[in-house]
Amino acid sequence: MADREPSAAPLVVTRDDTFAESARRWCAAAGHEPETVTDLDRVRRSWRSAPAVLVDERDVDSLLAVGLPRRDEVLVVAADPRLAWREALDLGARDVLAGTEDAAIVGALVRALDGSGEACAITVVGAVGGVGASTLAAATAGLAATRDLAPVLIDGDPMGGGLDLVTGAEHATGSRWDDLDGAIGHVGAAELVSSLPVHRGLALVSFARSGRPVVGATPVIAAAMRGFDLVVADVPRHLDGLGRELVSRSVLTVVVVPRRLRGVVAARALVERLGDWSGALAIVTRAAPGAMASAAVGRELGLPVLADLGSSRRLPVDLEHGLGPLRARTVVGAARRILDTVGLR
């Protein structure tokens with residue numbers, strides 16, 4: 001996975017000490033320390049390279065006078081935004097906000113500083129327990145790391161024992177759900193990225209061993225969507241609030257279905273529930289004794305079959321010894337098909 005360079009400091013343009021202190025506080029809440037300047041030559045040098053520019057309305061006229069080039073992510077803070085819009089638009093400002101709108105200013109900075117796009121998100125759900133959904137999710141995220149992407153694997157099952165055990169990352173240091181839960185407002189993507197455990201190029205948002213459910217996951221998930229190229233989530237089939245949010249953000253939800261009657265019946269009920277939250281749905285089948293054909297499972301469920309998971313004698317041993325799932329060809333083949341399906345080749 002390519003290392004992500006830390007972004008440059010946001011630029012604050014003001015000659016007022018009180019505004020400068022407020023701007024420092026807003027930027028700190030967005031996870032960054034600003035560069036505050038008053039000299040126009042210094043402004044010109046940093047104007048293009050800064051990821052975002054925060055401008056005191058009293059300095060807009062002086063900036064217009066020096067003919068700075070248009071750029072994205074300029075935010076003007078004014079006493080009365082209604083009176084500052086015309087000059088702010090001439091400067092190319094994306095927004096004009098009142099200095100009292102702390103939450104809105106921090107939110108605008110977070111969006112600007114964390115990048116313009118959102119990750120591709122994929123959710124994996126098992127139609128029944130023990131079918132290998134967690135292993136497939138871990139393999140999909142791990143394979144993405146070998147494709148020079150920045151993936152994060154999100155654990156959606158508080159009772160699953162922790163996805164760090166599946167990837168062999170139980171000893172990696174960093175924040176788990178127990179540390180992140182309860183975050184309110186905005187969570188900076190750079191702050192989240194730097195706080196998570198990383199193992200073999202794969203970042204994880206994993207549950208610890210407490211089994212405590214998540215109460216406030218939305219800011220963390222939103223930051224993960226901004227901070228990574230790919231979000232892969234392992235979600236239990238009962239679809240609690242955390243699971244529904246992860247599914248609703250996904251471009252593809254993959255249901256792992258054992259090729260036997262009970263699995264197909266369970267998958268049919270699950271697919272019906274997922275239809276209320278998910279966009280595209282597909283299935284990966286799992287071999288079973290006396291199994292139906294994969295194509296028959298797809299016809300019964302009315303969904304495309306991406307791959308079939310065969311048995312692997314080495315996979316249980318690898319997982320038990322903390323080696324992860326990427327040495328099992330059948331799992332890697334299914335993971336490759338999932339990434340190819342969403343265009344991450």
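Any read-out appearing in this document is the output of simple, stated calculations on the displayed coordinates, not a laboratory observation. None of the values given here were measured: they were computed from a predicted structure. No Cβ is skipped: glycine too gets one built from the backbone with ideal geometry, and neighbour counts run over all protein chains shown.
The alpha carbons of the range 178-272 stretch over 46, 27, 26 Å along the principal axes, in descending order. For the pair ALA8 and ALA295, a Förster radius of 56 Å applied to the C-beta separation gives a FRET efficiency near 0.60, rounded to the nearest 0.05.
In this simple spin-label approximation, ASP340 and ASP80 carry label points 7 Å from Cα along the Cα→Cβ vector, and these lie 6.3 nm apart. Only one item in [x] 0.94; [y] 1.17; [z] 1.10 matches Cα Rg over 2.2 N^0.38 Å derived from the coordinates shown, and that item is [y].
May I ask you to compute the full-extension gain from THR18 to ASP148, defined as 0.36 nm times their residue separation minus their alpha-carbon distance, rounded to one decimal in nm?
Numbers: separation 130, 0.36 × 130 = 46.80 nm, distance 4.40 nm.
The span from THR18 to ASP148 would gain 42.4 nm if fully extended.
Shown in residue order for the range 130-140 are the 3J(HN,Hα) couplings computed by the Karplus curve 6.51 cos²θ - 1.76 cosθ + 1.60 at θ = phi - 60°: x, 8, x, 5, 5, 5, 5, 4, 5, 5, 5 Hz (x for Gly and Pro).
Distance between the 7 Å Cα→Cβ label points at ASP72 and LEU89: 2.2 nm.
Among DSSP beta bridges lying fully in the chain, give the percent that are antiparallel, nearest 5. Don't jump to the answer; show the numbers that get you there.
Details: 2 of 46 bridges.
Of the beta bridges lying entirely in the chain, close to 5 percent run antiparallel.
Cα centroid distance between the range 43-88 and the range 245-286, in Å? Each part's Cα centre sits 48 Å from the other's.
The slack between ARG273 and THR218, meaning 0.36 nm per residue of separation minus the straight C-alpha distance, is 17.7 nm. Using the Cβ-Cβ distance between MET159 and SER194 with R0 set to 35 Å, the FRET efficiency from 1/(1 + (r/R0)^6) comes to roughly 0.80. Subtracting the Cα-Cα distance of ALA103 and ARG262 from 0.36 nm times their residue separation leaves 52.3 nm of extension gain.
Our helix-only sum for the chain, with -39,500 (n - 2.57) per DSSP H run of n ≥ 4 divided by its residues, gives a mean residue ellipticity at 222 nm of -11500 deg cm²/dmol.
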